[in-house]
Amino acid sequence: MNMEHEQGPAHERIQLRTLIDTLPDLVWLKDPDGVYLSCNKRFEQFFGATEAEIRGKTDFDFVDRELAEFFRANDRAALAADSPRSNEEWVTFASDGHRELLHTTKAPMRDAEGKLLGVLGISRNITEIHELRDRFQVAFNASPVAISISELDGGTFLDINLQYANMLGWERKELIGKTAIEINLWPRPEARQAWVEKLKASHLLRDYQTTWHHRDGHPIHISLSGEIIELHERRYVVAFILDITERKHAEELARQQQEQLQFTARLVTMGEMASTLAHELNQPLAAIASYNAGCLNLLENPDCPVQYIKPALEKVAIQAQRAGRIIRRVHDFVKKSEPKRAPCRLADVIEDCLGFIEADARKRQVRIECNLPALPMIPADHLMLEQVLLNLIRNGMDAMSQTEEPHRLLNISVQPLENELKISVADQGCGIAAEISDKLFTAFFSTKPLESA
């Protein structure tokens, strides 16, 4: 029993020693004066000596004086703090001359009674981590995209790259440790909080478009993408920011140009229909003049009963309303306005189109059929719908120029579908040739002569 009791601790010591020697870290123990008491196999490679050769000696026996003083100063710091102290250090291994960056932790070691035995040291090779960190830093700073790392909730900046600083007009040292709210980055705190809540819901948010403030106060339109990461049990957000101010300006310019193009197209349409509309307007004006002359003739007779004049005046009012509708349609169609979606009745849109086109249709001897079912209100731009439909109707009439007069029929129909309305404009023209069917939706393609396309 006693032999087994003695062999137990001895076996445990052998296991412990084997464990320490197997560790990939450097492990050693010094007495309070810096004299080595023990070390593992990995540490032997550092000094290029066996444990027996190292025991009883100090750092000054194996490394240059400057490095030995550095080691000794860290020993004293750990003893003075009476707690673990860590540092990073580049060292050269005497066994083969290679260099490693070590993360070293030193701590006072005491026995069961609390008596100080010395300083225990453990060093881990972090060379690969350091190289990865360096490569990340190079890519981080060289990126053409602005990048920041900040606290998720508070918004305190942990790091930013050069592009981020340049985009916002700040120096890196001015931003680290500050929050986005402190530098007035967001238009208001609630705007950042709304973005954070969206990010928390998905952990990854791409192309969130908003407006930030430059250091000098001018607005910057940005596309913001972010991902939540955890560092040291705290949540941060890595944000990638693109300045899309120029893109926004280009989109606005394109929108304005598109509006101008639509306005010009409406003017061209009115120009093409001017003679027909003039004739259409001349009819009620001529009727008004005729009825007015008749009324004047009647009034020359003092005995003329009022009931003779009243019907003529009522007809004048009807013709004036007719002329007013024509003028209103022209005015509404050619006036310059921004596209706006609002509830509108499709039947009213079609009625306005027919009001424009009826005179031209009679001139071309085209019959128009339009039977509409009960239709709901739809969210649309009345004027843009009218322009599209008017173009389709006029194209349909053009397509029947070679059709025999009895067969010149244009049919306008509306079919309610599940979530939309399908509008069809069907003519009795020559149809579409197979060789041009693939070009129908090509911009500016037309089968008409260039001057009328």
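The values are calculated or read from the model by the stated rules, or taken from the named source; none is laboratory data. As the structure is a computational prediction, the values presented were derived from the model and not from experiment. Cβ coordinates were reconstructed from backbone atoms using ideal geometry, including for glycine residues, and neighbour counts include every protein chain displayed.
Residues that are in contact (Cβ under 8 Å) with a residue 40 or more places away in the chain and more than 19 Å from residue 432 (Cα to Cα) within segment 390-411 comprise 390, 405, listed in sequence order. Here residue 150 fits the description: under 20 Å from residue 236 (Cα atoms), surrounded by 17 or more Cβ atoms within 10 Å (Cβ to Cβ), in contact (Cβ under 8 Å) with a residue 12 or more places away in the chain and not acidic (Asp, Glu). Among the residues of segment 359-410, those identified as in a helix (DSSP H, G or I) and farther than 24 Å from residue 422 by Cβ are 359, 360, 362, 363, 364, 405, 406, 407.
The set of residues in segment 24-41 being of a type in the set (D, E, K, R), over 12 Å from residue 57 (Cβ atoms) and touching a strand residue (DSSP E or B) at 6+ places or on another chain (Cβ under 7 Å) consists of 25 alone.
For segment 232-253, a residue qualifies if it is without any contact (Cβ under 8 Å) to a residue 40 or more places away in the chain and more than 19 Å from the chain's Cα centre (by Cα), and the qualifying residues are 232, 233, 253. Counting only residues that are modelled with pLDDT of 90 or more and polar (S, T, N, Q), segment 185-207 holds 1 of them.
It is to be established whether one or more residues within segment 85-96 are among the aromatic types (Phe, Trp, Tyr), within 30 Å of residue 131 (Cβ to Cβ) and assigned to a strand (DSSP E or B). Looking for residues that are among the aromatic types (Phe, Trp, Tyr), within 30 Å of residue 131 (Cβ to Cβ) and assigned to a strand (DSSP E or B), one finds at least one in segment 85-96, hence yes.
Among the residues of segment 28-43, the ones that are at positive phi and among the aliphatic types (A, V, I, L, M) come to 0 in all.
Considering only residues in segment 227-265 that are acidic (Asp, Glu) and part of a strand (DSSP E or B), the one that is surrounded by the fewest Cβ atoms within 10 Å (Cβ to Cβ) turns out to be 230. For residue 356, the conditions (1) buried (at least 17 other Cβ atoms within 10 Å of the Cβ); (2) at pLDDT below 85; (3) of a type outside the set (Lys, Arg); (4) over 44 Å from the mean Cα position of the chain (by Cα) are fulfilled apart from (4). Taking segment 43-61 as the range and being farther than 18 Å from residue 109 by Cβ, crowded, with 18+ Cβ neighbours inside 10 Å and within 60 Å of the chain's Cα centre (by Cα) as the test, the residues that pass are 44, 46, 47.
Under the condition of being in a helix (DSSP H, G or I), touching a residue at least 24 places away in the same chain (Cβ under 8 Å) and not β-branched (Val, Ile, Thr), the residues counted in segment 126-147 number 1.
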